[in-house]
Amino acid sequence: MPGSSSPSASLVGRFLVAAPSMPDERFQKSVVFICKHDDDGALGIIVNNKVDDLPLGQVYKQLGIEVPAAAAEKPVLFGGPVETSRGLVLHSADYKREETLLIEGGMALTASLEILKDMAGGAGPKQAWLALGHSGWAPGQLDREMQDNAWLVVDADPTLVFDADFGAKWQRALEKLGGSLSRRFDPAFFSHQTGRA
């Protein structure tokens, strides 16, 4: 049947919010913005985890790009455990290059040195995060994780994507589920003890 192997519903432009029962430690309390989801798998950027002790200015310095002092202290995201030495820029769709992937909801993803140069020179997107690494899923893998209730799907919100309050993003994303459902996932209702395998 045509289309029978495609994911049940594309998650592009939405958040995957780690359920409190997330079994993979790398993704516990993660909020992942999905940039691509099709028959070839899925790709997303964790938007609530930064690389410790690596401000944007240090990345620019390593690349030999001069950057205004105001931008130098901006954090760099840990986008996920795949290709952690590769930089991807998740940004507002007001900026586009030939290699830019436009995403529903006014977002875009670009992986090029030119966008970093444009950002440093003031000609880049209005809002942007540089992420090192990304989150990736093989064909069908994310669909299986969804069936196992590892992730909750939440409508994306650019305000939440670009907010620098990383510690509050997971709870705020859960609150977007609304009403009793978000209270059901309130961390206060969960034990602070972890199980042992």
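Nothing in this text is a laboratory measurement; each read-out follows from the coordinates by a stated rule. What you see is a predicted model, and the numbers here were worked out from it, not measured in a lab. Every residue, glycine as well, gets a Cβ built from its backbone with ideal geometry; the counts of neighbours run over all protein chains shown.
Tell me which label goes with the value of Rg and Dmax of the Cα atoms in Å computed from the coordinates here: (i) 17.3, 56; (ii) 17.5, 59; (iii) 25.1, 98. Of the labelled values, this structure produces (i).
Only helices enter this figure: runs of n ≥ 4 DSSP H residues, each worth -39500 (n - 2.57), summed and divided by the residues of the chain, yield -6000 deg cm²/dmol at 222 nm to the nearest 500. Toward the positive end of the charge dipole of the chain, with +1 on the Cβ of Lys and Arg and -1 on the Cβ of Asp and Glu, the farthest Cα among 167, 34, 46 is that of 167. The H on the amide N of residue 151, modeled in the peptide plane, is under 5 Å from the matching H of 19, each at least 5 residues off or on a different chain.
Comparing 13, 79, 57 in a Gaussian network model of the chain, where Cα atoms under 10 Å apart are tied by springs, the biggest mean-square fluctuation is seen for 57.
The lysines whose alpha-carbon is closer than 23 Å to the alpha-carbon of residue 176, local same-chain residues fewer than 8 away aside, are 29, 36, 50. Springs between Cα atoms under 10 Å define the GNM used for the chain, and in it the highest mean-square fluctuation of 108, 156, 72 occurs at 72. Under a model in which nothing but the beta-carbon of Lys, Arg (+1) and Asp, Glu (-1) is charged, the chain shows a dipole of about 380 debye around its Cα centre. Could you work out which residue, out of 160, 88, 54, moves most in a Gaussian network model of the chain, that is, has the largest mean-square fluctuation with Cα springs under 10 Å? So, out of 160, 88, 54, the one fluctuating most is 54.
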